[in-house]
Structures are given as C-alpha cells and as structure tokens.
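Scroll down for the structure; my scribbles are underneath it.
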Amino acid sequence: MTDAPSLRLVEITDDNFDAAVGVQVRDDQNRFVAPVLRSLAQAYTNRSTAWPRLLMDGDEAVGFIMVQFAPDEEDPDFQAEVWRLNISEKHQGREYGRFAVEGALAEARRRGLSRVTVSWVPGEGSPEDFYLGLGFRKTGRVSDSELIAEIFLD
Ligand SMILES: CC(C)(COP(=O)(O)OP(=O)(O)OC[C@H]1O[C@@H](n2cnc3c(N)ncnc32)[C@H](O)[C@@H]1OP(=O)(O)O)[C@@H](O)C(=O)NCCC(=O)NCCS
C-alpha cells in the first residue's frame with residue numbers, strides 16, 4: 001500500500017514519457033494547444049524556465065500542464081504563464097483541468113509570485129470560459145492573436 005495521493009502532478013521522466021506523449025486532446029481542439037511531444041521538446045529548449053508536469057490519477061496519465069516561470073523576462077505578462085494545458089479527450093469534464101491549474105498556481109505561490117497569466121486562441125470551443133471560471137480575468141491585451149488573462153494570488 002502507498003500513501004501517495006491518487007490525483008497528482010508529477011515530473012516527466014523516462015519512465016512516464018510515453019504516457020505523457022499519449023495524452024491527446026480531441027482532434028478539433030488541436031488548434032488550441034500544441035501536442036505534448038512538442039511541449040516536451042520546448043521544455044528542453046527552455047529548461048531553465050519551463051515547468052512541465054504530468055497529471056496522474058492513480059496509474060493513469062490524464063493530462064499535462066506546462067508553466068513558464070521566467071522572472072528575468074522583461075514583459076510581466078510572460079514572467080509566470082500557463083503555457084500549455086492538455087486534458088486527454090476521454091478524461092475531460094472531470095475537474096482534471098481545474099486541478100492542474102490549481103497545482104500550477106500553488107507552485108507559483110511557492111515561488112513567491114503574486115500574478116500568473118494565461119493566453120488562448122479565441123473562438124468556438126476555446127478554453128475561455130474554463131479559465132474565467134477559475135478566476136482569470138482578461139487583461140484586454142492580445143498577443144500573437146491570443147487573448148491574455150491574469151489571476152492574482154493571495
Ligand atoms: C480546457 C480544458 C483544459 C478543460 O479541462 P477539463 O478537465 O475538461 O475541465 P474541468 O473539468 O476541470 O472544468 C472545470 C470547470 O470549467 C468548465 N469548463 C471546462 N471546459 C470548458 C469550456 N471549454 N468552456 C466552458 N466551460 C468549461 C467545466 O464545466 C467546469 O465548471 P464547473 O466547475 O462549474 O463544473 C480541456 O478541455 C482541454 O484540454 N481542452 C483542449 C486544449 C485546450 O484548450 N487547452 C488550453 C490551452 S490554453
């Protein structure tokens with residue numbers, strides 16, 4: 001028996017790499033988020049700032065989140081940013097996305113940060129209402145055709 005919590009964000013290693021890459025959103029959602037494989041490649045090329053984590057429920061990989069923590073970045077909108085969030089197609093709608101974002105916000109708090117941003121491609125099927133429901137508020141800024149939103153941490 002183990003005391004490990006069933007739902008948790010874990011580091012990505014050789015042991016769970018295949019499971020991480022296997023996290024796939026619905027085909028029509030691919031316009032809103034990059035595949036995990038691409039994100040992991042970018043985690044490598046941004047290894048001083050990227051914080052990639054696999055969301056596990058028991059033995060099953062159900063989602064992936066990657067945050068960019070770049071305190072030296074000049075633009076405050078990119079200093080602490082939820083960069084990628086993928087909940088696998090068959091696991092959506094079960095509060096996994098909320099858990100992953102709350103885990104990312106907890107990590108930001110642990111780092112002493114007071115503000116986190118996220119951006120999304122607007123349009124039908126976008127994650128806008130998901131993020132607004134979590135407490136993010138639109139800043140009014142659009143960057144690379146993506147709307148930027150922010151949340152302030154307690
Ligand atoms: C958007 C996404 C991360 C949501 O994850 P999820 O696990 O399905 O969402 P949750 O079950 O945690 O939902 C939390 C709340 O948001 C709501 N919600 C989830 N997706 C929503 C959407 N697209 N539109 C409106 N509300 C949404 C849920 O109804 C729930 O509300 P409630 O707590 O009042 O019941 C997931 O659908 C996904 O991976 N989408 C494709 C990729 C994507 O858009 N990623 C974000 C890139 S910035």
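The values are calculated or read from the model by the stated rules, or taken from the named source; none is laboratory data. Since this is a predicted model, take the numbers as computed values, not measurements. Here the Cβ is made from the backbone with ideal geometry for all residues, glycine too, and neighbour counts use every protein chain on show. Note: areas computed on protein heavy atoms with side chains; ligands, DNA, RNA excluded. Shrake-Rupley method; radii C 1.70, N 1.55, O 1.52, S 1.80 Å.
From ARG94, ARG110, ARG98, grab the single residue that is within 16 Å of the ligand (Cβ to nearest atom), open to solvent by 60 Å² or more (accessible area, probe 1.4 Å), over 14 Å from the mean Cα position of the chain (by Cα) and of a type in the set (Lys, Arg). If you could, list the steps in order and put the result at the bottom.
Details: ARG110 fails: within 16 Å of the ligand (Cβ to nearest atom); ARG98 fails: over 14 Å from the mean Cα position of the chain (by Cα).
Every option except ARG94 fails the conditions.
I'd like the residue in the range 41-68 that is more than 14 Å from VAL23 (Cβ to Cβ) and β-branched (Val, Ile, Thr) and, out of all such residues, is least open to solvent (accessible area, probe 1.4 Å).
Within the range 41-68, the match that is least open to solvent (accessible area, probe 1.4 Å) is VAL67.
Restricting the first residue to the range 115-132 and requiring it to be over 24 Å from PHE69 (Cβ atoms), which pairs with a second residue that is hydrophobic (A, V, I, L, M, F, W, C) and open to solvent by less than 40 Å² (accessible area, probe 1.4 Å) meet a Cβ separation below 9 Å and a spacing of at least six or different chains?
PRO122/LEU147; SER126/TRP120; SER126/LEU147
Among the residues of the range 17-29 satisfying the criterion of being in a loop (DSSP other than H, G, I, E, B) and open to solvent by 80 Å² or more (accessible area, probe 1.4 Å), which is nearest to PHE64 (Cα to Cα)?
Applying the first criterion (in a loop (DSSP other than H, G, I, E, B)) to the range 17-29 yields 22-26.
Among the residues that remain, those that are also open to solvent by 80 Å² or more (accessible area, probe 1.4 Å) are: 24, 26.
On the way: GLN24: 9, ARG26: 14 Å.
Checked the range 17-29; the qualifying residue nearest to PHE64 (Cα to Cα) is GLN24.
Taking ASP18 as the residue in question, decide whether it is modelled with pLDDT of 95 or more and more than 14 Å from the ligand (Cβ to nearest atom). Break it down stepwise before answering.
Values: modelled with pLDDT of 95 or more: yes; more than 14 Å from the ligand (Cβ to nearest atom): yes.
Spelling it out, ASP18 is indeed modelled with pLDDT of 95 or more and more than 14 Å from the ligand (Cβ to nearest atom).
Kindly indicate whether GLU146 is touching a strand residue (DSSP E or B) at 6+ places or on another chain (Cβ under 8 Å), open to solvent by 50 Å² or more (accessible area, probe 1.4 Å) and under 23 Å from ILE87 (Cβ atoms). Lay out the reasoning, then the answer.
Numbers: touching a strand residue (DSSP E or B) at 6+ places or on another chain (Cβ under 8 Å): yes; open to solvent by 50 Å² or more (accessible area, probe 1.4 Å): yes; under 23 Å from ILE87 (Cβ atoms): yes.
Yes; evaluated as a whole, the condition is true for this residue.
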